[in-house]
Amino acid sequence: MLTNLWRPYTQMQGAPPPLRAHSTQGCTITLEDGRALIDGVASWWTACHGYNHPHIAQAVRDQLARMPHVMFGGLTHEPAERLAARLAALLPGDLNHVFFADSGSVAVEVAMKMAAQYWLNRGVRTRRRFAAFRGGYHGDTFATMAVCDPEEGMHALFSGLLAEHAILDLPRDDESMAAFDDFLQRHASVLAGILVEPLVQGAGGMVFHDAAVLRHIRRAADAHGLPLIFDEIFTGFGRTGTMFACEAACVVPDIITLSKALTGGTMALSAAVARTHIFEAFLSDDPSHALMHGPTYMANPLACAAASASLDLFGEEPRLSQVDAIGAQMRQELAACANLPCVRNVRVCGAIGVVQLARAGNLDALKAALVSQGVWVRPFRDIVYLTPAFTITPGELSTLTGALRRVLEASPGT
Ligand SMILES: Cc1ncc(COP(=O)(O)O)c(C=O)c1O
């Protein structure tokens, strides 16, 4: 059927028609044709409490009755103030200054702007580049495309149009640590900051690294006085086993970006949260030293109310132990895939289970086979992954892992 919709990451010519979702509940997506799919993706990692959690729904309804939206320029409101205070209390160290935006990419852009202007406000005009890492993914807007992996990532086509930054190997062993240190030794003076997805590089390939990598980057950033940005848009809110991935490394970044599970999967909202020394670099008698950013729907009250309700659930329900249990179950059940001829590697971190295939196969066929098994899983390239809601039951999770195993067993050439 012809539609007016231009779909994400889709070659519209000849694309198989997308499935039509009708409703959601818990960990299930019900299609218009009545089929029910167990969701293995939690809607791009947002719906950490499952769908339609009544506590979030009630908070959004209450806020809708009072004030769905009001501009944030010149005005403030209780839902934003409450959420900012709660995030500041929850985040480690003095990550206390919360700038709200409406998508992950924009939060990363704001974080990059904060780091760049941190220098400009001090009269330093030569620091125009960022250091980021191969395998990284930070968004689809122009500034964020420029800090994604330039070759493996999905934005290689745009290379000539993007700002040039330093995309380095993660310092994960002696050799790459020495190369990283050497690069900073030679080029730190032109850098505005360093940007990394802590513990898991998500959309770039679900690649994990040790907390020691983050400690090394933190030490190096300190040695050169560089603002360090942790992009926790994927990893934030429990996904890797601690509330924020930075906690596992006992490292406090200078700026952290959050989105995705921030509202428990109900509304678009993101934040770039800065430490006090970054915030203070913007305090001045000079009006041009202000952070010149202000998305129209910034701090949308509905989204802030949803996010506060989501934080209530992290306090009231055992989310982090659910993450541990999901990880343990996936480790056990996905092990059955490890010896299949089409599988290169199986790995689990927190509530992220990854089956990496020996080669990228026919993704459309793979997706269709998974749907026919009653599960919603979205492989990309050679990566088949599970990032379910933390509220998924052991039975539902077994349905997901079992479906994955059966589909991969049946398609050895995948
Ligand atoms: C680590 C990371 N940063 C940024 C983004 C971009 O977020 P959004 O799609 O909301 O713009 C994503 C999205 O997957 C992400 O995983």
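The values are calculated or read from the model by the stated rules, or taken from the named source; none is laboratory data. Remember, it's a predicted structure, so these values are computed and weren't measured experimentally. Glycine also receives a Cβ, built like all others from the backbone with ideal geometry; neighbour counts cover every protein chain displayed.
Find all pairs meeting these conditions: Cβ atoms under 6 angstrom apart; at least six residues apart or on different chains; first residue within region 75-103 and more than 16 Å from the ligand (Cβ to nearest atom); second residue part of a loop (DSSP other than H, G, I, E, B) and modelled with pLDDT of 95 or more.
80/299; 92/252; 93/252
Quick check, is residue 261 under 24 Å from residue 312 (Cα atoms) and within 12 Å of the ligand (Cβ to nearest atom)? Before the answer, list the steps.
Working: under 24 Å from residue 312 (Cα atoms): yes; within 12 Å of the ligand (Cβ to nearest atom): yes.
Yes; evaluated as a whole, the condition is true for this residue.
Provide a single number: the residues in region 130-161 that are outside any loop (DSSP other than H, G, I, E, B), within 12 Å of the ligand (Cβ to nearest atom) and under 18 Å from residue 9 (Cβ atoms).
Of the residues in that region, 2 qualify.
Based on this model, can you work out whether residue 210 counts as away from the ligand (no atom under 16 Å from the Cβ) and either free of Cβ contacts under 8 Å to residues at least 12 places away in the same chain or surrounded by fewer than 21 Cβ atoms within 10 Å (Cβ to Cβ) (or both)? Steps first, answer last, please.
Details: away from the ligand (no atom under 16 Å from the Cβ): yes; either free of Cβ contacts under 8 Å to residues at least 12 places away in the same chain or surrounded by fewer than 21 Cβ atoms within 10 Å (Cβ to Cβ) (or both): yes.
Yes: the conditions hold for residue 210.
Please pick out the residue among 94, 102, 39, 33 that is touching a Lys or Arg at 6+ places or on another chain (Cβ under 6 Å) and at pLDDT 95 or above. Can you show your working first?
Numbers: 102 fails: touching a Lys or Arg at 6+ places or on another chain (Cβ under 6 Å); 39 fails: touching a Lys or Arg at 6+ places or on another chain (Cβ under 6 Å); 33 fails: touching a Lys or Arg at 6+ places or on another chain (Cβ under 6 Å).
From the options 94, 102, 39, 33, the qualifying one is 94.
Inspect region 326-343 for any residue being in contact (Cβ under 8 Å) with a residue 60 or more places away in the chain, of a type outside the set (Phe, Trp, Tyr) and within 24 Å of residue 33 (Cβ to Cβ) and give the result as yes or no. Spell out how you get there, then give the answer.
At the first step, the residues of region 326-343 found to be in contact (Cβ under 8 Å) with a residue 60 or more places away in the chain are 326-327, 329-330, 333-334, 336-337, 340-343.
After this cut, where a residue has to be of a type outside the set (Phe, Trp, Tyr) as well, the list is 326-327, 329-330, 333-334, 336-337, 340-343.
When the remaining residues are screened for being within 24 Å of residue 33 (Cβ to Cβ), the result is none.
No, region 326-343 contains no residue that is in contact (Cβ under 8 Å) with a residue 60 or more places away in the chain, of a type outside the set (Phe, Trp, Tyr) and within 24 Å of residue 33 (Cβ to Cβ).
For region 371-391, indicate whether the set of residues that are in a helix (DSSP H, G or I), touching a Pro at 6+ places or on another chain (Cβ under 9 Å) and either modelled with pLDDT of 95 or more or at negative phi (or both) is non-empty.
Residues of region 371-391 that are in a helix (DSSP H, G or I), as a first pass: 371-372.
Narrowing further to those that are touching a Pro at 6+ places or on another chain (Cβ under 9 Å): none.
The answer is no; no qualifying residue exists.
Give 116, 107 a once-over and let me know the one that is within 22 Å of residue 275 (Cα to Cα) and either among the β-branched types (Val, Ile, Thr) or under 20 Å from the mean Cα position of the chain (by Cα) (or both). So that I can check it myself, show each step before the final result.
Values: 116 fails: either among the β-branched types (Val, Ile, Thr) or under 20 Å from the mean Cα position of the chain (by Cα) (or both).
107 is the lone residue from the list that is within 22 Å of residue 275 (Cα to Cα) and either among the β-branched types (Val, Ile, Thr) or under 20 Å from the mean Cα position of the chain (by Cα) (or both).
Taking region 32-58 only, how many residues are within 16 Å of the ligand (Cβ to nearest atom) and outside any loop (DSSP other than H, G, I, E, B)?
The qualifying residues number 4.
Out of curiosity, is residue 322 surrounded by 15 or more Cβ atoms within 10 Å (Cβ to Cβ), in a helix (DSSP H, G or I) and in contact with a Phe, Trp or Tyr (Cβ under 7 Å, 6 or more places away or on another chain)?
Yes: the conditions hold for residue 322.
Residues checked against (1) surrounded by fewer than 21 Cβ atoms within 10 Å (Cβ to Cβ); (2) in a helix (DSSP H, G or I); (3) near the ligand (Cβ under 10 Å from one of its atoms):
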residue: 195; (1), (2), (3): no, no, yes
residue: 215; (1), (2), (3): yes, yes, no
residue: 218; (1), (2), (3): no, yes, no
residue: 226; (1), (2), (3): no, no, no
residue: 229; (1), (2), (3): no, no, no
residue: 241; (1), (2), (3): yes, no, no
residue: 247; (1), (2), (3): yes, yes, no
residue: 253; (1), (2), (3): no, no, no
residue: 257; (1), (2), (3): no, no, yes
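Could you list, in sequence order, the residues of region 315-354 that are closer than 13 Å to residue 239 by Cβ and touching a Leu at 6+ places or on another chain (Cβ under 6 Å)?
353 - this is the single residue of region 315-354 that is closer than 13 Å to residue 239 by Cβ and touching a Leu at 6+ places or on another chain (Cβ under 6 Å).
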